[in-house]
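Written out below as structure tokens is the structure these notes cover.
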Amino acid sequence: MLRIRLIFASVFAFCLVLLTVSVASRASAPNTPEVLVPTAPPPEPVAFISSESHTIESGETFGVIMQSYGISGVGSILEAAEPFFNLARIRAGKELQFNFFEPDHQAHSFSYPIDEDRTLRVLLTGGSPRASMDEVQYTTALTSRTFQVNNTLWEAATAEGLRSGDIARLARIFQWDVDFTRELRQGAKFTLVADQLELRGQPVRLSDIHAVRLENNGRTYTSIRHTLSNGDENWYAPDGTASKRPFLRSPLEYSRVTSSFNPNRRHPILDRNRPHNGTDYGSPRGTPVRAVGDGVINY
């Protein structure tokens, strides 16, 4: 019995010691501060760029358009763009493309298409405006085209991929030999060798024309281009004879005849036969009229 009491007392004493040590260690331990996890701030609105197009109307000026879009500093914008293009000469029908930071709708930049190959871009952020020019980079390949005039020159040439400027060039090349308005006959055949501009392997349009042959009304005309050191070009026959003659075949590059030479033409006003000793041409207003030859006016 005594032994059991001794064992119980020993166990009780051991537990008492453990309890005392645990309380003492807690009392001596420093206070641990509470750890606070910071809360993430609410996300700020994400800025993005929106675009707006403006078709220039007749009579609109660059300054008025800028003001309508809340863009100031027109003078500094004109100055920045001046090395590339005079924005005071924007043309009606073209489109200005504006870019804005959103959601504040602050002006970022704008662009203006100078022509089909060049686009002016003006950056409006970061202090003073900064202008640059984007230009399409083409590859060039030599090509040949052949077409025959069965109805009109315009129809035949455009079907072969020529543009209005190409047709005007053909008229200039043969301007001393053939009047395209009156003397081009059905069945006339053109063969030309030219540079073709390509973009990503796809043909876009013709560039420089190097040689042209025209078969018309039983005669054949061949012209080969030669470029001088100053950049001017002249056209020559294969034997070296210059294509240029003392007189042009027509006072207009390419137009339509409204009334031909006719000794017995019915007068449209007098309603009787009267000779029409000349040829009348019809062209759009503003078409240049050329002197068919050099001369001196005496009066």
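The values are calculated or read from the model by the stated rules, or taken from the named source; none is laboratory data. What you see is a predicted model; the values in this text were computed from it and never measured. Positions of Cβ are backbone-derived with ideal geometry, glycine not excepted, and every protein chain shown enters the neighbour counts. Heavy atoms of the whole protein, side chains included, go into the accessibility calculation; ligands, DNA and RNA do not. Shrake-Rupley method; radii C 1.70, N 1.55, O 1.52, S 1.80 Å.
Worth a mention:
- Restricting the range 119-160 to residues that are touching a residue at least 24 places away in the same chain (Cβ under 8 Å) and of a type in the set (Lys, Arg), the residue that is most open to solvent (accessible area, probe 1.4 Å): Arg130
- Ser128 satisfies every condition listed in (1) under 30 Å from Ile77 (Cβ atoms); (2) of a type outside the set (Asp, Glu); (3) in contact with a strand residue (DSSP E or B) (Cβ under 8 Å, 6 or more places away or on another chain) except (3).
- Within the range 191-237, if we keep just the residues that are more than 21 Å from Ala141 (Cα to Cα) and of a type in the set (A, V, I, L, M, F, W, C), the residue that is modelled with the lowest pLDDT turns out to be Leu228.
- Residue in the range 66-78 that is surrounded by 11 or more Cβ atoms within 10 Å (Cβ to Cβ), out of contact with any Pro (no Cβ under 8 Å at 6 or more places or on another chain) and among the polar types (S, T, N, Q) present: yes
- Scanning the range 161-173 for residues that are open to solvent by less than 60 Å² (accessible area, probe 1.4 Å) and touching a helix residue (DSSP H, G or I) at 6+ places or on another chain (Cβ under 9 Å) turns up Leu162, Asp166, Ile167, Leu170, Ala171.
- Identification of strands (runs of 3 or more DSSP E) wholly contained in the range 83-187 with 1 or more residues that are under 27 Å from Asp208 (Cα atoms) and not acidic (Asp, Glu) yields 106-113, 118-123, 130-135, 139-148.
- Filtering Gly282, Gly293 for residues that are loosely packed, with under 10 Cβ neighbours inside 10 Å and at pLDDT below 85 leaves a single hit, Gly293.
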